[in-house]
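Here's the structure we're looking at; comments come further down.
All of the numbers you see were taken from the coordinates with simple rules; none came from a lab. Computed from a predicted structure; not experimentally measured. No Cβ is skipped: glycine too gets one built from the backbone with ideal geometry, and neighbour counts run over all protein chains shown.
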């Protein structure tokens with residue numbers, strides 16, 4: 001069978017993309033799709049444990065990433081071509097990005113979790129644009145209207161997923177901070193009361209003037225540590241609602257545009273959502289990288 005030229009491959013990809021958009025445009029016009037639920041919906045129960053549609057979507061994303069990795073590495077060549085070349089280029093770009101921020105030694109340590117976050121968020125965002133996500137599933141009647149419970153739903157629009165990913169990012173940052181500096185040194189930035197104790201000691205010894213000055217600085221240190229602790233915890237909320245809000249808004253935008261604009265006129269919005277998915281994955285992974293670099297930096301640099 002003759003191999004397709006590069007131009008024909010690109011043409012086939014473009015035609016396939018336009019075809020998917022056309023099918024999606026048609027399917028999105030189903031009236032039942034007008035109903036939007038923020039909470040994930042259960043689609044099957046196993047031993048009393050409910051499996052939600054976003055869980056299934058996350059598993060699909062994992063299978064797709066594993067499948068691409070397997071296909072790219074099944075018959076590896078010294079001079080990569082095709083899928084192997086594309087995957088190696090993507091991984092190398094990610095590695096250069098991580099090492100460029102964290103340095104070569106730390107970059108290789110942090111790379112697995114940073115790359116996993118980036119690829120998983122982006123895969124979930126892009127796969128959710130395929131026709132079939134949020135469109136097919138069992139139906140039920142609610143207030144006289146027919147409602148579809150989709151079998152597959154964009155996992156980034158379920159707040160539980162961004163929250164779980166934010167907690168993983170938080171634990172990852174704190175783990176490397178403690179491992180690098182030790183528990184006592186690392187937690188000192190949250191509970192810095194050494195100068196406050198020193199000032200109280202001077203007061204006890206009768207050095208009133210010096211003691212009050214040192215205590216004033218100690219109170220500032222303790223307050224700054226409290227603010228630092230609040231900031232660390234607030235990252236979880238920031239990460240969660242940034243990803244959840246942007247992805248949910250994007251899905252609603254596509255839904256509205258598919259109803260208002262027929263067929264291929266909605267293609268630019270698909271392109272916009274592809275870009276937003278990439279940007280959100282980069283932001284989530286990039287901020288995690290920046291925070292972990294700050295956590296492992298020497299205290300005087302920090």
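Brief remarks on what is shown
- Near-label residues of region 82-96 by backbone N, under 13 Å of a point 7 Å along Cα→Cβ of residue 71: 82-87
- Sorted by Cβ density within 10 Å, fewest first, the residues 74, 235: 74, 235
- Residues 247, 122, 76, 294, sorted so that the one with the fewest Cβ neighbours within 10 Å comes first: 76, 294, 122, 247
- Extension gain, residue 180 back to residue 99 (0.36 nm per residue minus Cα-Cα distance, nm): 27.4 nm
- Counting other Cβ atoms within 10 Å as a rough exposure proxy, the listed residues 41, 88, 251 run 88, 41, 251 from fewest neighbours to most.
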